[in-house]
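The values are calculated or read from the model by the stated rules, or taken from the named source; none is laboratory data. Computed from a predicted model, the values in this text were never measured in an experiment. Ideal geometry is used to build each Cβ from the backbone, glycine not excepted, and the neighbour counts take in all protein chains shown.
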Amino acid sequence: MPSVSPSHYTMDNAPLIGVIGGSGLYKLDNLEIVKTVNPVTPWGPPSSPITIASLSTPEGPVTLAFLARHGPHHNIPPSNVPSRANIAALKRIGVKAIVAFSAVGSLREEIRPGDIIVPDQIIDRTKGVRPSTYFDRTMVGHAMFGEPFDVQLREFIVPHVKEAINTFKGHINPSDEPRLHTKKTVVVMEGPQFSTRAESNMYRLWGGDIINMSALPEAKLAREAELSTDYDAWRVDAAPVTVEEVMKTLRTNAELSKHITASILGAVHTAVKSGQIQGQTGQMQYSLMTPHKEVGAEELHRLTYLLPNYFNYPDPAAERRSRSRARIDVDMDDYTGGEEHAPRGRQ
């Protein structure tokens, strides 16, 4: 991997907003796909190519980035999603804020099928199978996580989501006004199996409102990468009795999420660009505990990829390759006797 420096940190016309969700989200009517990029991060490739697209808004076109969490064909199970690569790749291309979408199960009767939830808290029930930090080697970092989702972004986005829901024509409950729930707690379980009834009752006692397998470690990693995050979810389980009913709910809510995406992202982009949403830049400054001189060169280079404001270290592998080429050149000079001893043509 070439050495990283802040001057090479973002792509041209970088997208400020990243969207994580299903691959269908970037198939919007007012969206023009510009290109796809395939970054390879120090934590491997992301779960899908990143689609760079131009979204038409009343204020003019804005550039966005879309990433399919479970792969282009939904072939990556929750426990295997390369979340560190996903977040690092979005940060690398210039994203400042992430809006993530996912389907969830409901733990409360008032949260109906098709409702949209913007949670503000998380209960982590993953089993440590998923790498959930960039600081798992020598550099120790303790990110603040009391508010797992960006408060400014959440408060900004809620009225825009409400307006988008109210203009959606094909809701799963057409005879009832679609509902938006805020300030809810999402329980993140490992899966891939769903919860037992006893576990669901326990989560309710703990204060859980919805449950899924995707919000973590995305939110933790985004905080370490100093990215603003908001998480929008829709309920899909209403005691359906057939697979057909489940799939109908999924399809309808996928269309709703696309409608919300198309409706709100222009406003989010403007707010981030203008500084109305200030983001998380600077949040890790006092969370990094280990002196750099105590950390290996390769680890410092990996962190340079993610946090160039605090790290600026070249790729040691590239330096080794450069030294190796220099040795080969010297050896060849010794073999030929140097330029002054090169064989001459016949006089």
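Go through region 305-326 and give me each residue that's in a loop (DSSP other than H, G, I, E, B) and in contact with a helix residue (DSSP H, G or I) (Cβ under 7 Å, 6 or more places away or on another chain).
Of everything in region 305-326, those that are in a loop (DSSP other than H, G, I, E, B) and in contact with a helix residue (DSSP H, G or I) (Cβ under 7 Å, 6 or more places away or on another chain) turn out to be PRO308, PHE311, ASN312, TYR313, PRO314, ASP315.
Among ILE93, ILE50, ILE87, ILE76, which is within 29 Å of HIS301 (Cβ to Cβ), touching a residue at least 60 places away in the same chain (Cβ under 8 Å) and in contact with a Ser or Thr (Cβ under 7 Å, 6 or more places away or on another chain)?
ILE93
Does SER257 satisfy the criteria of being of a type in the set (Ser, Thr, Tyr) and at pLDDT below 85?
Against the criterion (of a type in the set (Ser, Thr, Tyr) and at pLDDT below 85), SER257 qualifies.
Could you tell me whether ASN166 is at pLDDT 95 or above and more than 23 Å from the chain's Cα centre (by Cα)?
Spelling it out, it is not the case that ASN166 is at pLDDT 95 or above and more than 23 Å from the chain's Cα centre (by Cα).
Quickly run through region 284-304 and pick out the residues that are in contact with a helix residue (DSSP H, G or I) (Cβ under 7 Å, 6 or more places away or on another chain) and either within 20 Å of ARG84 (Cα to Cα) or among the aliphatic types (A, V, I, L, M) (or both).
Within region 284-304, MET284, ALA297, GLU298, LEU300, HIS301 meet the criteria.
With respect to VAL104, is the statement that it is among the hydrophobic types (A, V, I, L, M, F, W, C), buried (at least 19 other Cβ atoms within 10 Å of the Cβ), more than 16 Å from ALA14 (Cβ to Cβ) and in contact with a strand residue (DSSP E or B) (Cβ under 6 Å, 6 or more places away or on another chain) true?
yes
Does VAL95 qualify as being out of contact with any strand residue (DSSP E or B) (no Cβ under 9 Å at 6 or more places or on another chain) and buried (at least 21 other Cβ atoms within 10 Å of the Cβ)?
The answer is no for VAL95.
Out of LEU205, LEU221, report the one residue that is surrounded by 22 or more Cβ atoms within 10 Å (Cβ to Cβ) and modelled with pLDDT of 95 or more.
The match here is LEU221.
Being more than 17 Å from the chain's Cα centre (by Cα) and not basic (Lys, Arg) is the filter; apply it to region 121-134 and report the residue that is surrounded by the fewest Cβ atoms within 10 Å (Cβ to Cβ).
GLY128
Here are some residues: THR63, THR41. Which one is of a type in the set (S, T, N, Q) and either under 16 Å from the mean Cα position of the chain (by Cα) or buried (at least 21 other Cβ atoms within 10 Å of the Cβ) (or both)?
Checking each option against the conditions leaves just THR41.
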